[in-house]
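Peer 1: Please read through the structure below; I'll follow up with questions.
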Amino acid sequence: MEDITQVAGQVTELAYALDTFYFLVCGALVMWMAAGFTMLESGLVRAKNTAEILTKNVGLYSIACIMYMLMGYSIMYPGDYEGGIFQSLSTIGTGLLGSSDNDVATVKAGDAYYSNLSDFFFQVVFVATAMSIVSGAVAERMKLWSFFLFAVILTGFIYPVQGFWKWGSGWLNEGGFLDFAGSGVVHMCGAAAALAGVLLLGARKGKYGPGGQVNAIPGCNLPLAALGTLILWLGWFGFNGGSELKVSDVGEANAVALIFVNTNMAAAGGLVFALLLSRLWFGKADLTMALNGALAGLVAITAEPLTPTPFAATLIGAIGGVLVVASIVTLDKLKIDDPVGAISVHGVVGIWGLIAVCFTNDEASFVWQLIGIVSIFAWVFITSFIVWYVIRLTIGIRVSEEEEYEGVDLSECGLEAYPEFKPAE
Amino acid sequence: MEDITQVAGQVTELAYALDTFYFLVCGALVMWMAAGFTMLESGLVRAKNTAEILTKNVGLYSIACIMYMLMGYSIMYPGDYEGGIFQSLSTIGTGLLGSSDNDVATVKAGDAYYSNLSDFFFQVVFVATAMSIVSGAVAERMKLWSFFLFAVILTGFIYPVQGFWKWGSGWLNEGGFLDFAGSGVVHMCGAAAALAGVLLLGARKGKYGPGGQVNAIPGCNLPLAALGTLILWLGWFGFNGGSELKVSDVGEANAVALIFVNTNMAAAGGLVFALLLSRLWFGKADLTMALNGALAGLVAITAEPLTPTPFAATLIGAIGGVLVVASIVTLDKLKIDDPVGAISVHGVVGIWGLIAVCFTNDEASFVWQLIGIVSIFAWVFITSFIVWYVIRLTIGIRVSEEEEYEGVDLSECGLEAYPEFKPAE
Amino acid sequence: MEDITQVAGQVTELAYALDTFYFLVCGALVMWMAAGFTMLESGLVRAKNTAEILTKNVGLYSIACIMYMLMGYSIMYPGDYEGGIFQSLSTIGTGLLGSSDNDVATVKAGDAYYSNLSDFFFQVVFVATAMSIVSGAVAERMKLWSFFLFAVILTGFIYPVQGFWKWGSGWLNEGGFLDFAGSGVVHMCGAAAALAGVLLLGARKGKYGPGGQVNAIPGCNLPLAALGTLILWLGWFGFNGGSELKVSDVGEANAVALIFVNTNMAAAGGLVFALLLSRLWFGKADLTMALNGALAGLVAITAEPLTPTPFAATLIGAIGGVLVVASIVTLDKLKIDDPVGAISVHGVVGIWGLIAVCFTNDEASFVWQLIGIVSIFAWVFITSFIVWYVIRLTIGIRVSEEEEYEGVDLSECGLEAYPEFKPAE
């Protein structure tokens, strides 16, 4: 005859296992977003800068993982964690990051409902996402190792500090700022860092003509851009769906399902409306606008994917899709050169997402949403600006004019991405 | 001391959570099939029509999601659902698609074993799959917005009606027609709509010479076609595996595992036999035939992935692989121009899959399988033909000869997919 | 009032279902690695050999699945399985591979904790992984059907025999050889078979100049190589994470989470250190070295992803990243021509991974790790050499000089991968 306490304990363990597995699957989907950014950006730059953008993307992901392990996680979640570089060197890799995870007694006492290491895995792929946003905006003219140096600082310090403010139970969270999965903490953060870099870096040669004229510099491989967008779309189910943190009872399972549906609908709404607007405005069904529209829909719903109905989610995404087209055109008028539209997608629409929370979530405070937007933006923009500036003063951030003309692939990576495909003159 | 009723309730909730999560994971895999079709089709068309086929694919997916939310789901599952456009506008987004999902009492009473929203998510990605089949067949010569208009009608009305016949517990289901995951409801449906479009559209210029001669128009980027096939292969585990609807006990878990194995084996069988046949017939190991063979194996097993042994599944897939090669050659003899072979893969082999059910499932009735094939085909083909015809009469379905010669990318999307890669003359 | 025995039984069934589903998800991720190898290899060969490497990859995966079903699984796990070709032909597809899986009584008695078919699915994608390693190393000069013939023998016989030694509870396992997820059984196995083939095949024309000079033959499509690497990175979470075999209690869930984290960190460490080393050694941030560094990190951690801390995992991967760069340069000095670096990544670093077990796992025996390395390498290398040799004597393994010059796509597949993109002269 089974003992009821024993059976109840098994049930608790099983719920812990399900939540951990769910968290790991969602984390793997977010890791997959690294491939999405890589493909998107490599599709939207010119052939001569492709190998370098690939190197940047795989490099920044790796740097983000290492820096977040060494420093970032302990800054962002100081209470839970004793494995960072700020403890003595001998404890790196011990504490949470060592072999000790929750034990059975802790779980049964209700003090933990998923593995801490699954949480670390989920968090570490988020910081990589934020950094991925930067690489597209500064493409085709930045020095590779200066970029990597910035990645070290953003992922090890700048991102975790504002992450702590919200998700580490810091002052923004206490005040009432709402940001479910990171329209602000992740996306606007990345965009703010990118904007600082772009302002210091300047536009690509030939992008803006003398009379206010904007020259299109088309991406060299649009199937890769479409693939990247679809990868990001898929990965976003993990990004938003995993941010519920739990799936193991009826209410949580329903919540995760609603988040999946809303995430999907927002992307669809964003794509359709960006496509319609580009058809009306430019006369053509501009594929790159459509792709950015889908991403805008995803960013817009990220701050609150749980309270809207799917119909409302579609509208929130659709407004994101309209905004991103307008923003891309506007930034070009301001001569802010962002080759892939990352500042528009993640920054402008990230702000929209944070504001849109107020329309569907009764607990939202418009004032605190604004405080969150301003404080996160200010922190990330200012610190990033300083870091980029110091790098510019020391090792420099921009490649030489000749290197830019020849393409950064040869100067930075010593190889070409498509050595056999002759470029049209 | 725990209460046994409470523990039993937790177990029920946990099973609900597992089934919901399984359903969402499978749905995400099916959503990923959108990327598979996108890559497959963009690899199999010419460079000058690539941006347009990308736009079609991401656009149709988004349209399918929106139309199925607005109309399709309530047509296909009328009993369960109160959120469609047919209720008053004020209820769009309420009902099932609003925030109300199953509550704990309903679940514990055994009236629901997964989230309704996870079901919606799974269903919505299925309708997108059906529509994806169409885009490849009409590639390289159709007007973009005419295609989107058709997508609105297929995903909002034509697909859901026949979906209701089978999966919404309609007359085909009552009669005894078996179609586990949709060889008929999804794949043959898409192929029938595609065939109607292709007949009204005509062949691409230069495809068929004056003396019955068939000119190969090779795809421009075969790695993308291979990638697309492998994405579809992966996604199909969700497509078939999720169609079991439940995983949370021993019998269901075994069933889902068998479905995964059989799905994989059928694809392997289809690929190997299509490759062997093309080697014997044409003298060369034709990669595109091999890829279509794998897809044919997947389509063939979809009507019944649960009753065959893995060895039988391999044979069912292998016959699909042989059929697809023969069908592609035959359609070309009939001057039915299908650039990616979609009608053969999803239509001809879809029919084979529905018939093959009779060989392994004792409950199948050959007569009802035929009734299902004929009625679904007739419904979809005739309604699609009418819709395509009306569109042709009004806004037209075919681009001008000059646009076709220049490529639809420039005329429809205003950009090129590979602007830097000079095409061989 | 619920019966406690009944509730306890439900809990056992639910755990079985969760473990089965986890196993299937991990298996699907490993299947996805087939796409990773396909993209990686197609990115690293020249355009004229791309269609053939695609055909090889999709073909070998299919052959591996079929041969492992027919023979391999019953050789590797002889006790559990009664469905192989060695029983009478009438039983193929019955036994384990038929419809019989574990029943409820078996599960409740504790004799099984996941579906046998989910185990078969997981194992079958592993053997495909091993065979995928070979295709890259012999690229650009081997006859297609000779390669497929070798694939039949490796996946049906050579791999399963050594797989039995370790994972089928054979003598290596009894002795104490540790190889958690297959640095040896899968990766070094594939590399040993590849090395035998490469030695008999010889280098590509023009690779090695008369004076010991090594000519770089750059890959034609680096975005695909990067995509392939990221696919493999994602798939590896299933490869290592699934090898824990169980997730359904606190200890197992924590273990799987640690494996995900360590797998990710090792890849990051490998990438960063390979990139740094290539920068220091060659003066440039060589993207292909970085990609191989990530893969090396993944191979290195595969033998023991559970006992290292994440910091130690990063170091184990980093050493793998350094080794792979050194190994690639060294093999070129030895005129062993491996177009994608597979022998270095999977062979040299596989050995490193097996040795590194001793640094973090107290149960490891250095002697038995060496015995495992030597015996697996010897078995696979010698049998592969014999098989390749017999194939060379009979149907030949190398294409003609003219075919090699023209590219194997035309001679073997009768089509081109990129027919429209004019190669630079």
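The values are calculated or read from the model by the stated rules, or taken from the named source; none is laboratory data. What you see is a predicted model, and the numbers here were worked out from it, not measured in a lab. Glycine gets a Cβ as well: all are built from the backbone with ideal geometry, and neighbour counts include every protein chain shown. Surface accessibility is based on the protein's heavy atoms, side chains included, excluding ligands, DNA and RNA. Shrake-Rupley method; radii C 1.70, N 1.55, O 1.52, S 1.80 Å.
Peer 1: Work through the residues other than C:Asp179 whose Cβ is under 15 Å from its Cβ and net out their charges, Lys, Arg +1 and Asp, Glu -1.
Peer 2: Numbers: positive: C:Lys166; negative: C:Glu174, C:Glu244, C:Glu304, C:Glu363.
Surrounding charge for C:Asp179 is -3.
Peer 1: Follow-up question, since we're still on this one. Suppose only helical runs count, i.e. DSSP H with n ≥ 4. What mean residue ellipticity at 222 nm does that imply for chain A under -39500 (n - 2.57) per run, divided by all residues and rounded to the nearest 500 deg cm²/dmol?
Peer 2: Numbers: 16 runs with 267 residues, N = 425.
Helix contribution divided over all residues of chain A: -21000 deg cm²/dmol.
Peer 1: Quick one: with all protein chains in place, what share of the accessible area of the range A:1-50 is carbon or sulfur, to the nearest percent (1.4 Å probe)?
Peer 2: That fraction is 55 percent.
Peer 1: Next question, about the same structure. Compute the FRET efficiency between B:Asp3 and A:Val374 as 1/(1 + (r/R0)^6), taking r as their Cβ-Cβ distance and R0 = 56 Å, and round to the nearest 0.05. Walk me through the numbers on the way to the answer.
Peer 2: Details: r = 50 Å, r/R0 = 0.90.
The calculated FRET efficiency here is 0.65.
Peer 1: Hey, another quick one. Hey, what's the Kirkwood Rh for the range C:147-204 if you take every pair of different alpha carbons, in angstrom? Working shown, then result.
Peer 2: Details: mean 1/r = 0.0808 Å⁻¹.
After inverting the pairwise mean of 1/r, the radius is 12.4 Å.
Peer 1: Also: Largest first, please: the extent of the C-alpha atoms of the range C:186-235 along each principal axis, to the nearest Å.
Peer 2: Projected onto the principal axes, the Cα atoms of the range C:186-235 cover 42, 27, 14 Å.
Peer 1: Right, here's the next one. Out of A:Val161, A:Ile75, A:Leu201, whose Cα points farthest toward the positive end of the dipole of chain A (charges: +1 Lys, Arg; -1 Asp, Glu; placed on Cβ)?
Peer 2: It is A:Leu201, whose Cα lies furthest towards the positive end.
Peer 1: So what are the range C:311-388's ellipsoid semi-axes, whole angstrom, largest first, if each one is the square root of 5 times an eigenvalue of the alpha-carbon gyration tensor?
Peer 2: On the way: eigenvalues 113, 75, 12 Å².
Equivalent ellipsoid of the range C:311-388: 24, 19, 8 Å, largest first.
Peer 1: Would you mind getting me the FRET efficiency between B:Tyr389 and B:Lys333? Use the beta-carbon distance for r and R0 = 30 Å, nearest 0.05.
Peer 2: On the way: r = 25 Å, r/R0 = 0.84.
After rounding, the FRET efficiency stands at 0.75.
Peer 1: Sticking with this structure for a sec: Leaving out ligands and nucleic acids, note down the accessible area per residue over chain C with a 1.4 angstrom probe, in whole Å².
Peer 2: That works out to 29 Å² for each residue.
Peer 1: Per residue of A:305-318, count partner chain C-beta atoms within 10 Å of its C-beta, then hand back the mean as an integer.
Peer 2: 4
Peer 1: Now, a different point. When the dipole is taken about the Cα centre of the range A:201-298, and only Lys, Arg (+1) and Asp, Glu (-1) are charged at their Cβ, what size is it in debye, to the nearest 20? Write down the numbers at each step before the final one.
Peer 2: On the way: 6 positive and 4 negative charges, 132 e Å.
Charge dipole, the range A:201-298, about its Cα centre: 640 debye, nearest 20.
Peer 1: So, by mean Cβ neighbours within 10 angstrom, what's the order for A:352-361, C:46-55 with the highest one leading?
Peer 2: Taking the mean over residues of other Cβ atoms within 10 Å, the ranking is C:46-55, A:352-361.
Peer 1: Of the listed peptides C:104-113, A:372-381, what is their order by residue-averaged count of other C-beta atoms within 10 Å, with the highest listed first? It would help to have the intermediate numbers written out before the result.
Peer 2: On the way: C:104-113: 14.1, A:372-381: 19.9.
Descending packing order for the listed peptides: A:372-381, C:104-113.
Peer 1: Show me the trypsin sites (Lys or Arg not before Pro) within the range C:332-397 that DSSP assigns to loop and that have at most 13 other Cβ atoms within 10 Å of their Cβ.
Peer 2: Details: sites: C:Lys333, C:Lys335, C:Arg392; in loops: C:Lys335.
The qualifying sites are C:Lys335.
Peer 1: Compute for chains C and B the buried accessible surface, both sides summed, probe 1.4 Å, and express it in Å² to the nearest 100.
Peer 2: Counting protein atoms only, the buried area is about 5400 Å².
Peer 1: Right, another one. Taking 2.2 N^0.38 Å as the expected size of a compact globular protein, what ratio does the Cα radius of gyration of the range C:211-273 give against it, to two decimals? Each step should come with its number before you reach the end.
Peer 2: Details: Rg = 17.3 Å, N = 63, 2.2 N^0.38 = 10.6 Å.
Rounded to two decimals, the normalised Rg is 1.63.
Peer 1: Please report the Cα spread of chain B along all three principal axes, rounded to whole Å, starting with the longest.
Peer 2: Reported extents, whole Å, longest axis first: 82, 52, 44.
Peer 1: Checking buried surface per residue: for the range A:404-422, which residues lose a minimum of 30 Å² accessible area in the protein assembly relative to the chain alone (1.4 Å probe)?
Peer 2: Residues losing area: A:Cys413, A:Leu415, A:Ala417, A:Tyr418, A:Pro419, A:Glu420, A:Phe421, A:Lys422.
Peer 1: So, one more: Placing +1 at every Lys and Arg Cβ and -1 at every Asp and Glu Cβ, with all other atoms neutral, what dipole size does the protein assembly as shown have around its Cα centre, in debye to the nearest 20?
Peer 2: Numbers: 54 positive and 105 negative charges, 816 e Å.
Dipole about the Cα centre, nearest 20: 3920 debye.
Peer 1: Averaged across the residues of A:100-111, what count of C-beta atoms belonging to other chains lies within 10 Å of each residue's C-beta?
Peer 2: Numbers: counts 2, 7, 5, 3, 4, 1, 1, 4, 1, 0, 0, 0.
That works out to 2 on average.
Peer 1: Suppose R0 equals 35 Å; then what is the FRET efficiency for B:Glu363 and B:Leu280 from their Cβ-Cβ distance, rounded to the nearest 0.05? Let's see the in-between values first.
Peer 2: Numbers: r = 37 Å, r/R0 = 1.06.
That pair, B:Glu363 with B:Leu280, gives E of 0.40.
Peer 1: Can you tell me the convex hull volume per residue for the range B:349-425, based on C-alpha atoms, in Å³ to the nearest whole number?
Peer 2: It comes to 176 Å³ per residue, whole-number rounded.
Peer 1: I need the helices of chain A that pass two filters: whole DSSP H segments spanning 20 Å or more by Cα along the axis, and mean Kyte-Doolittle score no lower than 1.6.
Peer 2: Working: long enough: A:4-44 (60 Å, 1.10); A:50-67 (25 Å, 1.03); A:116-137 (34 Å, 1.35); A:222-242 (30 Å, 1.28); A:250-282 (47 Å, 1.36); A:287-302 (23 Å, 1.71); A:310-333 (35 Å, 1.64); A:366-394 (42 Å, 1.83).
Qualifying helices, which must be both long enough and hydrophobic enough, are A:287-302, A:310-333, A:366-394.
Peer 1: Please give the per residue volume of the convex hull enclosing the alpha carbon atoms of the range C:287-425, rounded to a whole number of Å³. Could the numbers behind the result be given before it?
Peer 2: Details: hull volume 22.9 nm³, N = 139.
Hull volume over Cα atoms, normalised by residue count, gives 165 Å³.
Peer 1: Just the ratio, please: alpha-carbon radius of gyration of the protein assembly as shown over 2.2 N^0.38 Å, N its number of residues. List each step's numbers first, then the result.
Peer 2: On the way: Rg = 28.2 Å, N = 1275, 2.2 N^0.38 = 33.3 Å.
The reported ratio for this selection is 0.85.
Peer 1: To continue, here is another question. Students often get this wrong, so check it: of B:Lys207/C:Lys56; A:Lys56/C:Lys246; A:Lys143/B:Lys56; A:Lys48/B:Lys284; A:Lys56/C:Lys143; A:Lys246/B:Lys108, which have C-alpha atoms separated by over 27 Å? Please report the intermediate quantities before stating the final value.
Peer 2: On the way: B:Lys207/C:Lys56 29 Å; A:Lys56/C:Lys246 36 Å; A:Lys143/B:Lys56 37 Å; A:Lys48/B:Lys284 36 Å; A:Lys56/C:Lys143 37 Å; A:Lys246/B:Lys108 20 Å.
From B:Lys207/C:Lys56; A:Lys56/C:Lys246; A:Lys143/B:Lys56; A:Lys48/B:Lys284; A:Lys56/C:Lys143; A:Lys246/B:Lys108, over 27 Å: B:Lys207/C:Lys56; A:Lys56/C:Lys246; A:Lys143/B:Lys56; A:Lys48/B:Lys284; A:Lys56/C:Lys143.
Peer 1: With each label point set 7 Å from Cα along the Cα-Cβ vector, what nm distance links A:Ile382 and C:Glu403?
Peer 2: Simple spin-label model gives 6.9 nm for this pair.
Peer 1: Taking beta carbons within 10 Å but only from partner chains, what does the mean come to for residues C:230-236? Show your work: numbers first, answer last.
Peer 2: Values: counts 12, 4, 0, 8, 7, 2, 1.
The per-residue average across the peptide is 5.
Peer 1: Still on this structure, I have one more. Size of the dipole of chain B about the Cα centre, Lys and Arg at +1 and Asp and Glu at -1 on the beta carbon, nothing else charged, in debye to 20?
Peer 2: Numbers: 18 positive and 35 negative charges, 312 e Å.
It comes to approximately 1500 debye.
Peer 1: On a 1.4 Å probe surface of the protein chains, which of B:Asp286, B:Asp337 comes out largest in accessible area, and what is the full order?
Peer 2: B:Asp286, B:Asp337
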